[in-house]
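Working notes, structure below.
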Amino acid sequence: GDEGDEEGDNNIVQWVRSWLPVTQEYDGTRFFTRVGGSLKATPLLLVLLVIEFTDIVFSWDNVAAVFSCSSNMVLVWTATMFAILSLRSWYSIVARAVADMPALQTATGIILMFLGTKLVAEFFVPTLDVPIHFTLVVVLSCVIGGVGYSLLKQRTHDGKPHGHDANDIINT
């Protein structure tokens, strides 16, 4: 069937419906509405909960990346919370940046290979301690290099930059 027909099959939706009364119809942009004098959640609240749960699940890959830079639990927890809170808002900006800057994908691949290698090496060689400053310099160098190379390549193509201006990105 249609994806809209499968709303009730989602485990999160079923769990929320087990402890929270939910209407069958939306009420504009409201998360809650009154039906017969009682307050009930609308399907829009279910949509929000599913999206936020998905953000939490996908932010967990951030934990490994942060552990590759630091073993400070406060830093790991804080970085993971910021990843959860900002994941969706940064996605449109990052998606456009990657589309406009192809070297950024290569730089990201290099960063991931470096961090993965660092994690594995530090696991198998406990005495190995790659300084955090070195790790940050590698990451920043890759990002700056990827952005710089992409911008330089765009300028040399026809003498002016391509892509979106800041207003296009902000208004998305």
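If the condition is being modelled with pLDDT of 80 or more and under 30 Å from residue 128 (Cβ atoms), then the range 43-78 contributes only 74. Scanning the range 110-145 for residues that are more than 22 Å from the chain's Cα centre (by Cα) and surrounded by fewer than 15 Cβ atoms within 10 Å (Cβ to Cβ) yields a count of 15. Within the range 54-75, track down each residue that is surrounded by 15 or more Cβ atoms within 10 Å (Cβ to Cβ) and either in contact (Cβ under 8 Å) with a residue 40 or more places away in the chain or in contact with a Cys (Cβ under 9 Å, 6 or more places away or on another chain) (or both). 65, 67, 68, 69, listed by residue number.
Give me the pairs: first residue in the range 12-36 and under 20 Å from residue 51 (Cβ atoms) and in a strand (DSSP E or B), second residue among the basic types (Lys, Arg) and open to solvent by less than 90 Å² (accessible area, probe 1.4 Å), beta-carbon distance under 7 Å, and six or more apart or on different chains, which are they? Sorted first by the residue in the range 12-36, then by its partner, the pairs are 22/40; 32/40; 33/40. Taking every residue in the range 102-131 that is more than 28 Å from residue 155 (Cβ to Cβ) and pairing it with any residue that is in a loop (DSSP other than H, G, I, E, B), at least 6 positions away or on another chain, the pairs with Cβ-Cβ distances below 9 Å are 118/128; 118/130; 121/128; 121/130; 122/128; 122/129; 122/130. Within the range 98-109, the set of residues being surrounded by 17 or more Cβ atoms within 10 Å (Cβ to Cβ) and in contact with a helix residue (DSSP H, G or I) (Cβ under 6 Å, 6 or more places away or on another chain) comprises 101, 103, 104, 107. For the range 121-150, the set of residues classified as at pLDDT below 90, of a type in the set (A, V, I, L, M, F, W, C) and part of a helix (DSSP H, G or I) consists of 123, 132, listed by residue number. Residue 7 meets each of the listed conditions (1) assigned to a helix (DSSP H, G or I); (2) open to solvent by less than 100 Å² (accessible area, probe 1.4 Å); (3) at pLDDT 80 or above apart from (3).
The values are calculated or read from the model by the stated rules, or taken from the named source; none is laboratory data. What you are looking at is a predicted structure, and each value in this text was computed from that prediction instead of being measured. All Cβ positions, glycine included, derive from the backbone under ideal geometry; neighbour counts span all protein chains shown. In case anyone asks, the SASA skips ligands and DNA or RNA and just uses the protein heavy atoms, side chains included. Shrake-Rupley method; radii C 1.70, N 1.55, O 1.52, S 1.80 Å.
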